[in-house]
Amino acid sequence: MVDMLIGSTLSALATGADAVPILFLSRSLTHQWRDMLLAFTAGVMMAASMLGLIPQALSSGTFLSLVVGLCIGVLTLTLLEKMVPHIDLAHTESSIAIDKKSLLVLAAITLHNIPEGLSVGVSYAAGEGSEIGNLIALAIGFQNAPEGLLVALFLFNQRISKGKAFLMAMGTGLIELVASIAGYYLMSVVDSLVPYGLAFAAGAMLFIIYKELIPESHGDGNEQSATYAFIIGLLLMVFLIETF
(Lines give C-alpha, C1' and ligand atoms only; values in the text may rest on other atoms or scores of the structure.)
Protein backbone atom coordinates (compact mmCIF):
# COMPACT_ATOMS: atom_id res chain seq x y z
CA MET A 1 0.00 0.00 0.00
CA VAL A 2 2.79 2.42 0.92
CA ASP A 3 4.71 1.59 -2.26
CA MET A 4 1.55 2.15 -4.29
CA LEU A 5 0.92 5.55 -2.72
CA ILE A 6 4.52 6.66 -3.24
CA GLY A 7 4.72 5.40 -6.82
CA SER A 8 1.30 6.74 -7.77
CA THR A 9 2.02 10.14 -6.23
CA LEU A 10 5.36 10.49 -7.99
CA SER A 11 3.83 9.38 -11.28
CA ALA A 12 0.97 11.87 -10.96
CA LEU A 13 3.27 14.70 -9.88
CA ALA A 14 5.43 14.14 -12.97
CA THR A 15 2.80 16.11 -14.87
CA GLY A 16 3.47 19.16 -12.73
CA ALA A 17 7.21 18.56 -12.42
CA ASP A 18 7.81 18.84 -16.14
CA ALA A 19 5.54 21.89 -16.32
CA VAL A 20 8.09 23.80 -14.21
CA PRO A 21 9.96 25.10 -17.30
CA ILE A 22 6.86 27.10 -18.21
CA LEU A 23 7.77 29.43 -15.34
CA PHE A 24 11.00 30.32 -17.12
CA LEU A 25 10.23 29.99 -20.83
CA SER A 26 9.27 32.97 -22.94
CA ARG A 27 8.12 30.90 -25.92
CA SER A 28 6.81 27.42 -26.63
CA LEU A 29 8.76 24.31 -27.63
CA THR A 30 9.61 23.78 -31.27
CA HIS A 31 7.60 21.16 -33.14
CA GLN A 32 10.66 18.95 -33.36
CA TRP A 33 11.29 18.84 -29.61
CA ARG A 34 7.59 18.32 -28.94
CA ASP A 35 7.45 15.40 -31.40
CA MET A 36 10.59 13.85 -29.96
CA LEU A 37 9.17 14.01 -26.43
CA LEU A 38 5.94 12.34 -27.54
CA ALA A 39 7.81 9.59 -29.42
CA PHE A 40 10.19 9.02 -26.51
CA THR A 41 7.31 8.42 -24.11
CA ALA A 42 5.66 6.14 -26.68
CA GLY A 43 8.78 3.97 -26.65
CA VAL A 44 8.82 3.89 -22.86
CA MET A 45 5.18 2.86 -22.68
CA MET A 46 5.56 0.26 -25.43
CA ALA A 47 8.33 -1.54 -23.54
CA ALA A 48 6.42 -1.31 -20.25
CA SER A 49 3.25 -2.79 -21.72
CA MET A 50 4.89 -5.54 -23.81
CA LEU A 51 7.62 -6.57 -21.35
CA GLY A 52 5.88 -5.75 -18.08
CA LEU A 53 2.09 -5.76 -18.11
CA ILE A 54 1.34 -8.43 -20.73
CA PRO A 55 3.79 -11.08 -19.41
CA GLN A 56 2.51 -10.46 -15.88
CA ALA A 57 -1.10 -10.79 -17.05
CA LEU A 58 -0.30 -14.11 -18.69
CA SER A 59 1.56 -15.46 -15.66
CA SER A 60 -1.31 -14.62 -13.31
CA GLY A 61 -4.13 -15.60 -15.69
CA THR A 62 -4.82 -17.14 -19.06
CA PHE A 63 -4.60 -16.04 -22.68
CA LEU A 64 -8.37 -15.57 -22.63
CA SER A 65 -8.20 -13.22 -19.65
CA LEU A 66 -5.46 -11.29 -21.47
CA VAL A 67 -7.62 -10.92 -24.59
CA VAL A 68 -10.71 -9.89 -22.60
CA GLY A 69 -8.89 -7.39 -20.41
CA LEU A 70 -6.88 -5.90 -23.26
CA CYS A 71 -9.98 -5.46 -25.42
CA ILE A 72 -11.85 -3.81 -22.55
CA GLY A 73 -8.94 -1.39 -22.12
CA VAL A 74 -8.97 -0.50 -25.80
CA LEU A 75 -12.75 -0.11 -25.87
CA THR A 76 -12.67 2.10 -22.77
CA LEU A 77 -10.20 4.46 -24.41
CA THR A 78 -12.24 4.37 -27.61
CA LEU A 79 -15.35 5.49 -25.69
CA LEU A 80 -13.37 8.25 -23.99
CA GLU A 81 -12.22 9.45 -27.41
CA LYS A 82 -15.82 9.64 -28.60
CA MET A 83 -17.03 11.36 -25.43
CA VAL A 84 -14.22 13.90 -25.28
CA PRO A 85 -13.13 15.56 -28.55
CA HIS A 86 -9.48 15.02 -29.38
CA ILE A 87 -7.40 18.15 -28.88
CA ASP A 88 -4.13 18.56 -30.77
CA LEU A 89 -2.28 20.97 -28.50
CA ALA A 90 -0.04 22.20 -31.29
CA HIS A 91 -2.70 22.85 -33.91
CA THR A 92 -5.76 24.27 -32.11
CA GLU A 93 -7.40 27.22 -33.83
CA SER A 94 -7.39 30.58 -32.07
CA SER A 95 -10.94 31.31 -33.25
CA ILE A 96 -12.43 29.27 -30.38
CA ALA A 97 -13.21 31.22 -27.23
CA ILE A 98 -10.21 31.10 -24.92
CA ASP A 99 -12.03 30.08 -21.76
CA LYS A 100 -14.07 27.38 -23.46
CA LYS A 101 -11.09 25.90 -25.26
CA SER A 102 -8.90 25.92 -22.18
CA LEU A 103 -11.54 24.07 -20.16
CA LEU A 104 -12.04 21.55 -22.96
CA VAL A 105 -8.33 20.81 -23.14
CA LEU A 106 -8.12 20.36 -19.37
CA ALA A 107 -11.18 18.08 -19.37
CA ALA A 108 -9.76 15.95 -22.18
CA ILE A 109 -6.35 15.54 -20.56
CA THR A 110 -7.86 14.83 -17.14
CA LEU A 111 -10.21 12.12 -18.46
CA HIS A 112 -7.42 10.50 -20.44
CA ASN A 113 -5.36 10.31 -17.24
CA ILE A 114 -7.92 8.07 -15.53
CA PRO A 115 -6.93 4.77 -17.23
CA GLU A 116 -3.27 5.67 -16.69
CA GLY A 117 -3.89 5.94 -12.95
CA LEU A 118 -5.81 2.67 -13.01
CA SER A 119 -2.83 1.06 -14.73
CA VAL A 120 -0.52 2.04 -11.88
CA GLY A 121 -2.89 0.91 -9.13
CA VAL A 122 -3.64 -2.41 -10.82
CA SER A 123 0.07 -3.07 -11.33
CA TYR A 124 0.83 -2.59 -7.62
CA ALA A 125 -2.04 -4.94 -6.76
CA ALA A 126 -0.54 -7.75 -8.85
CA GLY A 127 1.02 -9.23 -5.70
CA GLU A 128 4.53 -9.79 -7.09
CA GLY A 129 6.23 -7.30 -4.80
CA SER A 130 6.47 -3.72 -6.00
CA GLU A 131 8.58 -4.36 -9.13
CA ILE A 132 5.79 -4.34 -11.73
CA GLY A 133 4.08 -1.42 -10.00
CA ASN A 134 7.29 0.62 -9.92
CA LEU A 135 7.88 -0.17 -13.58
CA ILE A 136 4.45 0.99 -14.73
CA ALA A 137 4.53 4.04 -12.45
CA LEU A 138 7.84 4.99 -14.05
CA ALA A 139 6.46 4.49 -17.57
CA ILE A 140 3.36 6.56 -16.84
CA GLY A 141 5.54 9.19 -15.19
CA PHE A 142 7.60 9.47 -18.38
CA GLN A 143 4.38 9.85 -20.36
CA ASN A 144 3.03 12.48 -17.98
CA ALA A 145 6.12 14.66 -18.08
CA PRO A 146 5.92 16.03 -21.64
CA GLU A 147 2.13 16.04 -21.38
CA GLY A 148 2.32 18.40 -18.41
CA LEU A 149 4.67 20.73 -20.25
CA LEU A 150 2.52 20.73 -23.37
CA VAL A 151 -0.63 21.53 -21.38
CA ALA A 152 1.13 24.36 -19.56
CA LEU A 153 2.50 25.76 -22.82
CA PHE A 154 -0.92 25.62 -24.43
CA LEU A 155 -2.53 27.47 -21.55
CA PHE A 156 0.29 30.02 -21.56
CA ASN A 157 -0.30 30.59 -25.27
CA GLN A 158 -3.94 31.30 -24.40
CA ARG A 159 -2.74 34.28 -22.33
CA ILE A 160 -3.15 32.51 -18.99
CA SER A 161 -0.44 33.51 -16.50
CA LYS A 162 2.54 31.20 -16.10
CA GLY A 163 1.70 30.46 -12.47
CA LYS A 164 -1.90 29.51 -13.23
CA ALA A 165 -0.84 27.46 -16.25
CA PHE A 166 1.58 25.52 -14.06
CA LEU A 167 -1.01 24.83 -11.34
CA MET A 168 -3.67 23.80 -13.85
CA ALA A 169 -1.24 21.43 -15.60
CA MET A 170 -0.35 19.86 -12.26
CA GLY A 171 -4.03 19.50 -11.41
CA THR A 172 -4.66 17.35 -14.49
CA GLY A 173 -2.31 14.72 -13.07
CA LEU A 174 -3.87 14.50 -9.62
CA ILE A 175 -6.82 12.50 -10.96
CA GLU A 176 -4.30 9.72 -11.61
CA LEU A 177 -3.62 9.36 -7.88
CA VAL A 178 -7.33 8.90 -7.17
CA ALA A 179 -7.71 6.42 -10.04
CA SER A 180 -4.61 4.54 -8.89
CA ILE A 181 -5.98 4.08 -5.37
CA ALA A 182 -9.32 2.91 -6.79
CA GLY A 183 -7.61 0.40 -9.10
CA TYR A 184 -5.43 -0.91 -6.28
CA TYR A 185 -8.32 -1.54 -3.90
CA LEU A 186 -10.51 -3.09 -6.58
CA MET A 187 -7.83 -5.57 -7.59
CA SER A 188 -6.89 -6.29 -3.96
CA VAL A 189 -10.47 -7.11 -2.98
CA VAL A 190 -11.22 -9.23 -6.04
CA ASP A 191 -7.98 -11.12 -6.61
CA SER A 192 -9.28 -12.94 -9.69
CA LEU A 193 -9.53 -9.60 -11.49
CA VAL A 194 -5.76 -8.99 -11.36
CA PRO A 195 -4.91 -10.55 -14.78
CA TYR A 196 -7.84 -8.70 -16.34
CA GLY A 197 -6.72 -5.48 -14.74
CA LEU A 198 -3.15 -5.87 -15.96
CA ALA A 199 -4.40 -6.64 -19.47
CA PHE A 200 -6.76 -3.66 -19.27
CA ALA A 201 -3.81 -1.43 -18.41
CA ALA A 202 -1.82 -2.85 -21.33
CA GLY A 203 -4.69 -2.26 -23.73
CA ALA A 204 -5.14 1.31 -22.54
CA MET A 205 -1.42 2.02 -22.92
CA LEU A 206 -1.21 0.46 -26.39
CA PHE A 207 -4.20 2.51 -27.51
CA ILE A 208 -2.56 5.71 -26.26
CA ILE A 209 0.71 4.79 -28.00
CA TYR A 210 -0.70 4.00 -31.43
CA LYS A 211 -3.71 6.31 -31.53
CA GLU A 212 -2.27 9.39 -29.84
CA LEU A 213 1.49 9.54 -29.29
CA ILE A 214 2.89 8.08 -32.51
CA PRO A 215 0.56 9.91 -34.95
CA GLU A 216 1.09 13.25 -33.19
CA SER A 217 4.86 12.77 -33.17
CA HIS A 218 4.83 12.25 -36.96
CA GLY A 219 2.59 15.15 -37.91
CA ASP A 220 5.11 17.95 -38.48
CA GLY A 221 7.76 16.42 -40.74
CA ASN A 222 9.95 15.18 -37.88
CA GLU A 223 9.44 11.48 -38.49
CA GLN A 224 13.12 10.54 -38.41
CA SER A 225 14.04 12.30 -35.17
CA ALA A 226 10.79 11.07 -33.59
CA THR A 227 11.61 7.50 -34.63
CA TYR A 228 15.05 7.75 -33.03
CA ALA A 229 13.46 9.16 -29.86
CA PHE A 230 10.96 6.26 -29.81
CA ILE A 231 13.78 3.71 -30.00
CA ILE A 232 15.77 5.50 -27.28
CA GLY A 233 12.72 5.51 -25.01
CA LEU A 234 12.09 1.82 -25.64
CA LEU A 235 15.72 0.87 -24.99
CA LEU A 236 15.80 2.96 -21.82
CA MET A 237 12.78 1.12 -20.42
CA VAL A 238 14.22 -2.26 -21.42
CA PHE A 239 17.42 -1.32 -19.58
CA LEU A 240 15.42 -0.37 -16.48
CA ILE A 241 13.42 -3.61 -16.65
CA GLU A 242 16.58 -5.74 -16.91
CA THR A 243 18.44 -3.75 -14.26
CA PHE A 244 15.77 -3.34 -11.61
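The values are calculated or read from the model by the stated rules, or taken from the named source; none is laboratory data. These numbers were taken from a predicted model, which means no experiment stands behind them. Cβ sites come from the backbone with ideal geometry, for glycine too, and all protein chains shown count toward neighbours. Side chains included, ligands, DNA and RNA excluded: accessible areas come from the protein's heavy atoms. Shrake-Rupley method; radii C 1.70, N 1.55, O 1.52, S 1.80 Å.
Assorted remarks:
- Residue satisfying all of: in the range 194-242; of a type in the set (Gly, Ala, Ser) and not in a helix (DSSP H, G or I); surrounded by the most Cβ atoms within 10 Å (Cβ to Cβ) among these: Gly219
- Residues in the range 45-81 that are under 19 Å from Leu213 (Cβ atoms), open to solvent by 10 Å² or more (accessible area, probe 1.4 Å) and polar (S, T, N, Q): Thr76, Thr78.
- Pairs, first at pLDDT 75 or above and among the β-branched types (Val, Ile, Thr) in the range 70-89, second surrounded by 13 or more Cβ atoms within 10 Å (Cβ to Cβ) and in a helix (DSSP H, G or I), C-beta under 7 Å, six or more apart: Ile72/Phe200; Ile72/Gly203; Val74/Gly203; Val74/Phe207; Thr76/Pro115; Thr76/Ala204
- Selected residue [at pLDDT 80 or above and assigned to a helix (DSSP H, G or I)] from Val151, Val120, Val105: Val120
- Looking only at the range 154-169, and only at residues there that are assigned to a loop (DSSP other than H, G, I, E, B) and of a type outside the set (Lys, Arg), the one that is modelled with the lowest pLDDT: Gln158
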